Amino acid sequence: MKKLINKPDDVVTEALQGLAAAHADLVRVQFNPNVIVRADAPVQGKVGLVSGGGSGHEPMHGGFVGLGMLDAACPGEVFTSPTPDQMLDATKAVNGGAGVLHIVKNYTGDVMNFEMAADLAGGENIEVEAVVIDDDVAVQDSLYTAGRRGVGTTVLAEKICGAAAEEGRSLAEVAELCRKVNANGRSMGMALTSCIVPAAGKPTFELGDDEMEIGIGIHGEPGRERVKLAPAGEIVERLTAPIVEDLPFEQGDQVLAFVNGMGGTPLIELYLVYNDLNRFLGERGITITRNLVGPYITSLEMAGCSITLLRLDDELTRLWDAPVKTAGLRWAT
Amino acid sequence: MVDVAETEKASGRMSLGHDDVLRWIRAFAAEVEANKEQLTQLDSAIGDGDHGINMQRGMSAVLVKVDATGEESDIGALLKTVGMTLVSTVGGAGGPLYGTLFMQMGMAVSGKEELSSDDWAAALEAAVTGVQARGKAEPGDKTMIDALIPGRDALKAALAEGATFEDALRQSADAADQGMRDTVPLVARKGRASYLGERSAGHQDPGATSSHLLLEAAAETWGRPGQAR
C-alpha cells in the first residue's frame, strides 16, 4: 500500500484536523463523535441540512458544508457509515428551530444509522425529515435487493436543497424538493482500477490490466458487468444509455450533466468524457444547460468516472445557480 | 423455579452472574479478534470488506468501557452498555444491528443480577426479534439472522426437552454453525451483498459468521467446548 498517511487508524482524524485548519472560516470540526459543522451554525429560522456517510469520498460530504449547501456532515470510518451519536450531535448543532433534513444515501448501514438518529432527535423534540437518495441505475431496483445505491445525485441534491433552505423554505418544502431532485436524477459509474481502504491495506477487489467494471459502486461494490477495456466513447455510451432509458430522458429535455472522477482519474480524461457525453446527448436532442466536471464523490484512489444526469426545470436551475461557499463547491458569492 | 435452579446446580451449573456474562462478552471480543481477517475476507467477497475491522474496533471499545464501569451487578445495564457502545463505535450496518441485539438483550433482563437458563433464552429471543425489526430481514436473506434464528430455536427446544444448560448452549451454537454454513448457497437479498444478485451465492455470509461466534462464545464460556472441526 502506497499512501500519504501516517498510521492507517489515524487517517480520518488527521484529515479532519487538516480540513478544520484549512477552512476555519467555513467550518468547525468536532471530534468524538466526529461532526463537521458550518461555522455559523445554527442559522436561526433556517432548515438545517445534515448528511453523512463513510469517509473516502471527499470532498463529499465534509467539503460541502457551508453557505448554500450542508449545515453539517458526519464522516464515518473509511467506507463505513457514521454512527447515530454523530448524526444526533450534528442534528442538534444545526437546529435553528425550523427542523432538520437528513439527506441519506441508500446503503443499508447509512439508512439504519440515520433511522436510529432520527428516533433519538425526536426524543429531544427536534423535527427531522429524512430523504433517501437512490439514483444508481446499475442496481436492479427490486424487492430482492437493498435497492438502488445513492451516488452522484446526492451532490446535486445537497447543493439545490441548500439553496432552498437559504431562501427560508420550510422543512416539508425542502424535503419535497429533495425528493424531486432524486426523482429526476440518474447515475452510473465505472472503474478502471480498484482502491485500497487504509485499514485493510490491500485492494478492495481485483481488476485485470485489460478489464473495467461497469456499474461500480462508490465502495468498490461490483456493478453490472466486468468487460474488456474500451475507448472512452464506448464507455460513455455504456454508462449513459441505461441512464437515459431509465428515467427516461427525452428529446427536448434540459439537463445538468455531472461527470465525476472516482479519485484517481485526471481532469483531462474527465473533460474528454464530457466531450463524448455532450455529443451522445446532443445526438438524442437532450441539451446540457448546466454541468459539473471533477472529482466530487470519490472512492479513494480508484480510477474511473461516473455520469449523473439531472433533468432541470426553471426552479432547479435557479437553485443550482444560487450562491454556494464550501470547501468543495464555491461560486457567485 | 427453585427446582430448575437446583437441577442446574446438580449438573454443575449455577445461574449466570454479572461476571459470567462479562466473561462471555470478553470471549466474544476474543473470537472477533481471532477471526477478524476471516470476517473481513468474507465481507470483501460479497460486501465492502470492513466487517472484521468494524467489529474488532467495536468490541475493543466495549472492553475499555466495561473495564471502566467497575463494580456493577445489573446484567441488564451491562448488556445495554455493550449495545450502546457498539452503536456508537462500529458504524456500517453491523453497528445498529449488533447494538440493537445487545440493547434488546439488556432490556429483556433489566435489573437482574442473576440469569437462569430461561432468562438467557428470553434474552436471546428479544435479541433476535430486535435484529429482525431493525434490519427487516427474513430467514434465507443471507444475513445474521440465518445463524441467530437456528441458534435461538435449538436453545429453546433443548431446554424444553429438559437438556442441561451446557447441552442446550452447545446445541444452540451448533445450530448457529449449521445456519451459518447454510448461507453459502443463498442469494443475498439484504445489504450490500444484494447488489451482487446471483453472484452472492457460493459465499458464506459474514454477518451470520460473526453471529455464530457470539453463540459459540456462550457455549464455550458457560458450557463445554465444541468438537474440533
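The values are calculated or read from the model by the stated rules, or taken from the named source; none is laboratory data. These numbers were taken from a predicted model, which means no experiment stands behind them. Quick reminder, even Gly has a Cβ in these numbers, built from the backbone with ideal geometry, and neighbours come from all protein chains shown.
Structural remarks
- Residue that is nearest to A:Lys46 (Cα to Cα) [pool: residues in segment A:153-201 that are small (Gly, Ala, Ser), in the same structural domain as A:Arg224 (by TED's automatic domain parsing) and in a loop (DSSP other than H, G, I, E, B)]: A:Ala199
- Checking the stated criteria, A:Gly18 turns out not to satisfy the condition of being more than 14 Å from chain B (Cβ to nearest Cβ) and on the phi > 0 side of the Ramachandran plot.
- Across segment A:96-111, the number of residues qualifying as in contact (Cβ under 8 Å) with a residue 24 or more places away in the chain and under 30 Å from A:Glu221 (Cα atoms) comes to 10.
- Subset of segment A:267-312 [surrounded by fewer than 20 Cβ atoms within 10 Å (Cβ to Cβ), within 19 Å of A:Thr153 (Cα to Cα) and of a type in the set (S, T, N, Q)]: A:Asn278, A:Thr287, A:Thr289, A:Asn291
- Whichever residue in segment A:49-106 is more than 14 Å from every other protein chain (Cβ to nearest Cβ) and in a helix (DSSP H, G or I) and, among such residues, is surrounded by the fewest Cβ atoms within 10 Å (Cβ to Cβ): A:Lys92
- Restricted to segment A:112-130, and to residues there that are farther than 16 Å from A:Gly150 by Cα and of a type in the set (A, V, I, L, M, F, W, C), the residue that is nearest to the other protein chains (Cβ to nearest Cβ) is A:Met116.
- Condition met for B:Gly95 (of a type outside the set (Phe, Trp, Tyr), within 23 Å of B:Leu159 (Cα to Cα) and crowded, with 17+ Cβ neighbours inside 10 Å): no
- You will find that of B:Ala188, B:Ala168, the residue that is over 18 Å from the mean Cα position of the chain (by Cα) and in contact (Cβ under 8 Å) with a residue 40 or more places away in the chain is B:Ala188 and no other.
- Screening the candidates A:Gly263, A:Gly233, A:Gly208 for the property of being of a type in the set (Gly, Ala, Ser) and either surrounded by 16 or more Cβ atoms within 10 Å (Cβ to Cβ) or in the same structural domain as A:Val155 (by TED's automatic domain parsing) (or both) yields one hit, A:Gly263.
- Among the residues listed as B:Asp174, B:Asp141, the single one being over 21 Å from A:Met112 (Cβ atoms) and surrounded by fewer than 23 Cβ atoms within 10 Å (Cβ to Cβ): B:Asp174
- The set of residues from segment A:122-138 being closer than 30 Å to A:Pro248 by Cβ and either among the small types (Gly, Ala, Ser) or in a strand (DSSP E or B) (or both) comprises A:Glu129, A:Ala130, A:Val131, A:Val132, A:Ile133, A:Asp136, A:Ala138.
- Residues (within 14 Å of chain A (Cβ to nearest Cβ), surrounded by 24 or more Cβ atoms within 10 Å (Cβ to Cβ), part of a helix (DSSP H, G or I) and aliphatic (A, V, I, L, M)) located in segment B:177-205: B:Ala193
- Residue count for segment A:163-189, restricted to those that are of a type outside the set (Asp, Glu), touching a helix residue (DSSP H, G or I) at 6+ places or on another chain (Cβ under 8 Å) and more than 14 Å from chain B (Cβ to nearest Cβ): 14
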